[in-house]
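Please read the structure below before turning to the comments.
The values are calculated or read from the model by the stated rules, or taken from the named source; none is laboratory data. Keep in mind the model is a prediction, meaning the values are calculated, not measured. Glycine gets a Cβ as well: all are built from the backbone with ideal geometry, and neighbour counts include every protein chain shown. Note: accessible area is taken over every heavy atom of the protein model, side chains too, but ligands, DNA and RNA are not part of it. Shrake-Rupley method; radii C 1.70, N 1.55, O 1.52, S 1.80 Å.
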Amino acid sequence: MPKGREYTFRISAYTPDTIPMSRLAEYMTDLATFLGENGSVHFVRLEEGSTKLAYVIEDEAVPKVDERIDRVRTGDGPTDALKAFGAINRRLAEDNGVAEITELGRGAQIIQFPGKAAIEEKGYSHVTQEGSLDGEVIMVGGPKDLVPVHLQAGANRYNCVAARPTAKALAEYLFTGQVRVFGTGKWIRGETGTWSLDRFQIRRFEPLDDRPLSQVLEELRAMPDTEWHTSEDIWAELDILRNGPSELH
């Protein structure tokens, strides 16, 4: 077993005999994201009773994980940790359960995941609104009429769905560049007060031009039958086209 401190993540809603493997995998994925330090956190075993997932954090990574959890508790943690915390609570709410992390041997509770109890008590809400998302298409596929489409934008991963014709068109841009999707998103307010995207239904999209701006400007200068090639300050010309003449002139 790896050397370090041992902890348990206990889920009240299941026992090891009743939790579906796919559900356990979802919880484990969210927990790994929540804790961070992926190379230093190791799964050890699944214990009897309530579902207790035992894991070890290598000693040198413990302070980093502790700080990460403390920041989530105060609401200013890293985006991926906050989203994982919200995802765990949503799964617990769906499963009618709660969860907690405790340190083995000391029995000290590190953090609680209130799940359904928090949502009912504190009245967490959701908002549905029109909007757009930018990102790289990293997954398209599924047997349903609304096809899952995943977008990656830096550290953020957006879970979207689209009708089959739109999903088929998006598949042509898989791993090939940035797109902007338009549609309706459902945003959920979590326990820490932060909002996270639960699902986004795509109605249409457009590919984004990822060429450097300097290249685009050179192409403008090279266009025939235009005055771009004679412009002394093409940046200023573009600013006027976008914002209108400055009141200072």
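Here is how the numbers come out for the structure above:
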item: Residues with amide H under 5 Å from that of Gly97, placed H, sequence gap 5 or more; result: Lys116
item: Among the listed pairs Lys83/Lys186; Lys52/Lys83; Lys52/Lys144; Lys64/Lys186; Lys52/Lys186, those beyond 25 Å (Cα-Cα); result: Lys52/Lys144; Lys64/Lys186; Lys52/Lys186
item: Ordering of 144-153, 38-47, 16-25 by packing [mean C-beta count within 10 Å, highest first]; result: 144-153, 38-47, 16-25
item: Accessible-area composition of the stretch 1-150, carbon plus sulfur, in percent [1.4 Å probe]; result: 49
item: Alpha-carbon centroid distance for the pair the stretch 1-65 / the stretch 141-187, whole angstrom; result: 30
